[in-house]
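Undergrad: So that we are looking at the same thing, I have put the structure below in structure tokens.
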Amino acid sequence: MFVVTLTYTAPLSRIDELITEHRAWLDRGYAAGVLLASGAQEPRVGGVLLARAVSRVELDAVLAEDPFARAGVATYQVVRFTPTKSVSELEFLREPPAV
């Protein structure tokens, strides 16, 4: 499991020019089963993604297709974690502890 934070590096006017393409990219990520949740940060300085990918290499390939990445208007910070506990509604995300 991965948490990805996007930070905008361009004015919001430029982000808004790409938002329709970015949302279409999000839809493809959901359809592929890679993205589990997404949304804007508050204040609007970027976004957050919850992603499920086989590997960091696979996730990086998906992120590289984001119109924000292709246009160079956002940076990405990726944190991999193992969700060993959750509320019952998210039990399907749980994984056994590594140790």
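Undergrad: Could you give me the residue pairs with C-beta distances under 7 Å whose first residue belongs to the range 1-14 and is surrounded by 14 or more Cβ atoms within 10 Å (Cβ to Cβ) and among the small types (Gly, Ala, Ser), whose second residue is assigned to a loop (DSSP other than H, G, I, E, B) and modelled with pLDDT under 95 wherever it lies, and which are 6+ apart or on separate chains?
TA: none
Undergrad: Oh, and also: Determine the pairs where a residue that is under 13 Å from HIS22 (Cβ atoms), located within the range 49-67, has a partner that is surrounded by fewer than 17 Cβ atoms within 10 Å (Cβ to Cβ) with Cβ atoms under 7 Å apart, the partner being 6 or more residues away or on another chain.
TA: PRO67/GLU21
Undergrad: Just wondering, is there one or more residues in the range 56-67 that are in a strand (DSSP E or B), surrounded by 13 or more Cβ atoms within 10 Å (Cβ to Cβ), in contact with a helix residue (DSSP H, G or I) (Cβ under 7 Å, 6 or more places away or on another chain) and modelled with pLDDT of 95 or more?
TA: no
Undergrad: To continue, here is another question. Could you say which residue among GLY29, GLY39 is under 28 Å from GLU95 (Cα atoms), touching a residue at least 24 places away in the same chain (Cβ under 8 Å), outside any loop (DSSP other than H, G, I, E, B) and not aromatic (Phe, Trp, Tyr)?
TA: Among GLY29, GLY39, only GLY29 is under 28 Å from GLU95 (Cα atoms), touching a residue at least 24 places away in the same chain (Cβ under 8 Å), outside any loop (DSSP other than H, G, I, E, B) and not aromatic (Phe, Trp, Tyr).
Undergrad: Let me spell it out: the conditions are (1) under 15 Å from the mean Cα position of the chain (by Cα); (2) part of a helix (DSSP H, G or I), and LEU18 meets all of them except one. Which number is the exception?
TA: Going through (1) under 15 Å from the mean Cα position of the chain (by Cα); (2) part of a helix (DSSP H, G or I) one by one, LEU18 breaks only (1).
The values are calculated or read from the model by the stated rules, or taken from the named source; none is laboratory data. These figures come from a predicted structure and were not determined experimentally. Using ideal geometry, Cβ is built from the backbone for each residue, glycine included, and neighbour counts are taken over all protein chains shown.
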